[in-house]
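> This is the structure, below, for whatever I ask next.
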Amino acid sequence: MSKSAARPGKIVCVGRNYSEHAKELGNEVPKEPLIFLKPPSSVISDGDAIRLPSLSDQVEHEAEIGVIIGATLSNASEAKARESIAAIIAVNDVTARDLQKTDGQWTRAKGFDTFCPLGEPASKFPALDSLTVVCRVNGKETQRGNSADMVFSIPMVLSYISRIMTLEPGDLVATGTPAGVSKLKDGDVVEVEILGVSKVSNPVRASNA
Ligand code: ZN
């Protein structure tokens, strides 16, 4: 990871939190939030290269609204969770889709180095249910979603996670991706923007190996 990126203590992600995205991958919308972890070692910053691992033939972008936690949250109400948000941040939950399917467990598919580009955190942001997240590949829009369309709202997701594991200051929660995920190739430039809030742009490069 680059020097400039602040490394979260942990990264908790939500899968299938927009019904159109669940549908495009042939999945049902879950009855409660489906959560998984990404390793902090996957974090890179704006401008750093996403490396395509040789183990995968299908690496895809996932534009997401990220939440940086500002206060310890354990068994928290939605109101408490809402108050604990320190910043909103653009996240690209880069995913090796082929390995996600073969493994069942998502650790490998979501965990490669460079698979978590993060923008600059913004402490000032619009209402939590009116955030728009967009993905562009080589300048062409591939994803657009609004937090109003999430299956589980941001405060609900934070409250839910806090009943499983304590969320600590500096932790990052990625709240799921809207429809339109697509495969990345060597030479692409992929950009995730939460409109008016935070943005991260990264070149895509073939594996070092
Ligand atoms: Zn995701």
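> Sort out which residues of region 141-167 are outside any helix (DSSP H, G or I), out of contact with any Pro (no Cβ under 8 Å at 6 or more places or on another chain) and crowded, with 22+ Cβ neighbours inside 10 Å, and write them in order of number.
Once the filter is applied, which keeps residues that are outside any helix (DSSP H, G or I), out of contact with any Pro (no Cβ under 8 Å at 6 or more places or on another chain) and crowded, with 22+ Cβ neighbours inside 10 Å, region 141-167 yields M150, L167.
> Of the residues that sit in region 159-209 and are of a type outside the set (V, I, T) and without any contact (Cβ under 8 Å) to a residue 60 or more places away in the chain, which one is nearest to L34 (Cα to Cα)? Even if it seems obvious, please write down each step before you answer.
As a first pass, look at region 159-209 and keep what is of a type outside the set (V, I, T): 159-160, 162-163, 165, 167-172, 174, 176, 178-180, 182-188, 191, 193, 195-196, 198-199, 201-203, 205-209.
Right, trim to without any contact (Cβ under 8 Å) to a residue 60 or more places away in the chain and you get 187-188, 191.
On the way: G187: 32, D188: 30, E191: 25 Å.
Checking each candidate, the answer is E191.
> Could you tell me how many of the residues in region 115-140 are buried (at least 18 other Cβ atoms within 10 Å of the Cβ) and assigned to a loop (DSSP other than H, G, I, E, B)?
Residues flagged as buried (at least 18 other Cβ atoms within 10 Å of the Cβ) and assigned to a loop (DSSP other than H, G, I, E, B) within region 115-140 amount to 5.
> Right, here's the next one. Looking at region 129-168 only, could you name the residues that are farther than 25 Å from L184 by Cβ and in contact with a Lys or Arg (Cβ under 7 Å, 6 or more places away or on another chain)?
If the condition is that a residue be farther than 25 Å from L184 by Cβ and in contact with a Lys or Arg (Cβ under 7 Å, 6 or more places away or on another chain), then P155 is the only one that fits.
> Let me ask something else about it. Across region 60-75, what is the number of residues that are within 10 Å of the ligand (Cβ to nearest atom) and either at pLDDT below 95 or touching a Pro at 6+ places or on another chain (Cβ under 6 Å) (or both)?
0
> For region 76-104, which positions are within 15 Å of the ligand (Cβ to nearest atom) and over 17 Å from the mean Cα position of the chain (by Cα)?
To start, the set of residues in region 76-104 that are within 15 Å of the ligand (Cβ to nearest atom) comprises 89-97, 99-101.
Correct list: L99, K101.
> Can you name the residue in region 2-41 that is hydroxyl-bearing (S, T, Y) and within 15 Å of the ligand (Cβ to nearest atom) and, of all such residues, is farthest from R163 (Cα to Cα)? Can you show your working first?
At the first step, the residues of region 2-41 found to be hydroxyl-bearing (S, T, Y) are 2, 4, 18-19, 41.
Subset that is within 15 Å of the ligand (Cβ to nearest atom): 18-19.
Numbers: Y18: 22, S19: 24 Å.
This residue is S19.
> Every residue in region 122-139 that is more than 25 Å from S182 (Cα to Cα), in contact with a strand residue (DSSP E or B) (Cβ under 6 Å, 6 or more places away or on another chain) and not hydrophobic (A, V, I, L, M, F, W, C), please. Steps first, please.
Of region 122-139, the ones more than 25 Å from S182 (Cα to Cα) are 122-129.
Those still in the list that are in contact with a strand residue (DSSP E or B) (Cβ under 6 Å, 6 or more places away or on another chain) too: 122-123, 125.
Scanning region 122-139 gives a single hit, S123.
> Here is a follow-up. If you take the residues of region 168-198 that are among the β-branched types (V, I, T) and buried (at least 17 other Cβ atoms within 10 Å of the Cβ), which of them is nearest to the ligand (Cβ to nearest atom)? Talk me through it step by step, then tell me what you get.
If we filter region 168-198 for residues that are among the β-branched types (V, I, T), which is where we start, we get 173, 175, 177, 181, 189-190, 192, 194, 197.
Still in the list and also buried (at least 17 other Cβ atoms within 10 Å of the Cβ): 173, 175, 177, 181, 190, 192, 194, 197.
Details: V173: 11, T175: 9, T177: 5, V181: 9, V190: 14, V192: 11, I194: 14, V197: 18 Å.
That would be T177.
> Looking at (1) in contact with a Ser or Thr (Cβ under 7 Å, 6 or more places away or on another chain); (2) within 24 Å of I44 (Cβ to Cβ); (3) among the polar types (S, T, N, Q), which is the only condition S159 fails?
Only one criterion is unmet by S159, namely (2).
> Restricting region 9-63 to residues that are without any contact (Cβ under 8 Å) to a residue 24 or more places away in the chain and more than 14 Å from T177 (Cα to Cα), which is surrounded by the most Cβ atoms within 10 Å (Cβ to Cβ)?
Taking the candidates together, the pick is E28.
The values are calculated or read from the model by the stated rules, or taken from the named source; none is laboratory data. These figures come from a predicted structure and were not determined experimentally. Cβ coordinates were reconstructed from backbone atoms using ideal geometry, including for glycine residues, and neighbour counts include every protein chain displayed.
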